[in-house]
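To keep things clear, I will list the structure first and then write my remarks on it.
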Amino acid sequence: MSAISITSESTEMYLKSIAELETLTSPVAISHLAQRLGISSPSVLEMVKRLATQNLVTHTPYKGVSLTERGRQRAMAVLRRHRLWERFLVDTLHLPWETVHDYACQLEHATAPAVTEALAAFLGNPSACPHGNPIPDAAGTVQPSAAIPLLDLSVGQSARLEHIIFEEAILLEYLARRGFLPGTRLTLEDVAPYQGPLMVRVDGFDHPAALGREIAARVFVVAD
């Protein structure tokens, strides 16, 4: 792999991660971006400064980083490719829902625009990936969502699971075994004190599942 492709993939990885984190808060703290990428904060800060010189991000010391319009367009293009590949891998190749994120991470960097649009047409222009996250359209537009974190539900409240953010294989496998799939209905039955777990009953399951608060903050639902 050439130095040019490595640089391009690294840039896309940063822009995509910033875009995902911006759905929660903007600007994105350098420490949060470092945690998401699994890279040290000093290394992330150095890369952010390089991206700023390319007019892909803006960085405000002690506040964080935001995408420029140019950076956002590139980030949305990567997310579009990634989420379309996830749909293809699940819908066409019938790979398990919880395994396709890592495969799509590899494919997203090697897909030309013409292939992306052909893939979208083949799939019928789906609106969401298998994990419920919206697929940006060809112009980079994403439809707004009214979903809230499962963590924000009140005890006794029911909701429909819409999407799961920051997909990781270990997280998706954990949720899949317990029936937490987009479209399923669930009810928050109890919240343990002292930062304890949430007890959540998924429709069709006899017993509630225990979700830690970090996981519950990454599961987004539309409340009744």
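Each reported figure results from applying straightforward, stated rules to the coordinates on display, with no laboratory input. Owing to the predicted nature of the structure, the values given are computational and were not obtained by experimental measurement. Positions of Cβ are backbone-derived with ideal geometry, glycine not excepted, and every protein chain shown enters the neighbour counts.
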Could you please let me know if S127 is under 19 Å from M76 (Cβ atoms), touching a residue at least 40 places away in the same chain (Cβ under 8 Å) and either surrounded by fewer than 19 Cβ atoms within 10 Å (Cβ to Cβ) or more than 22 Å from the chain's Cα centre (by Cα) (or both)?
no
Taking segment 136-147 and keeping residues surrounded by 15 or more Cβ atoms within 10 Å (Cβ to Cβ) and either in contact with a His (Cβ under 9 Å, 6 or more places away or on another chain) or of a type in the set (G, A, S) (or both) leaves G140, S145, A147
Provide a single number: the residues in segment 176-207 that are surrounded by fewer than 17 Cβ atoms within 10 Å (Cβ to Cβ) and of a type in the set (A, V, I, L, M).
2
Residue within segment 163-180 that is of a type outside the set (D, E), in a strand (DSSP E or B) and in contact with a Phe, Trp or Tyr (Cβ under 6 Å, 6 or more places away or on another chain) present:
yes
Look through A77, A118 and report the one residue that is touching an Asp or Glu at 6+ places or on another chain (Cβ under 9 Å), more than 27 Å from I170 (Cβ to Cβ) and part of a helix (DSSP H, G or I).
A77
Residue list for segment 69-89, filter: surrounded by 16 or more Cβ atoms within 10 Å (Cβ to Cβ) and either hydrophobic (A, V, I, L, M, F, W, C) or more than 19 Å from the chain's Cα centre (by Cα) (or both)
A75, M76, A77, V78, L79, L84, W85, F88, L89
What about A210, is it surrounded by fewer than 17 Cβ atoms within 10 Å (Cβ to Cβ), more than 23 Å from L21 (Cα to Cα) and of a type in the set (A, V, I, L, M, F, W, C)?
yes
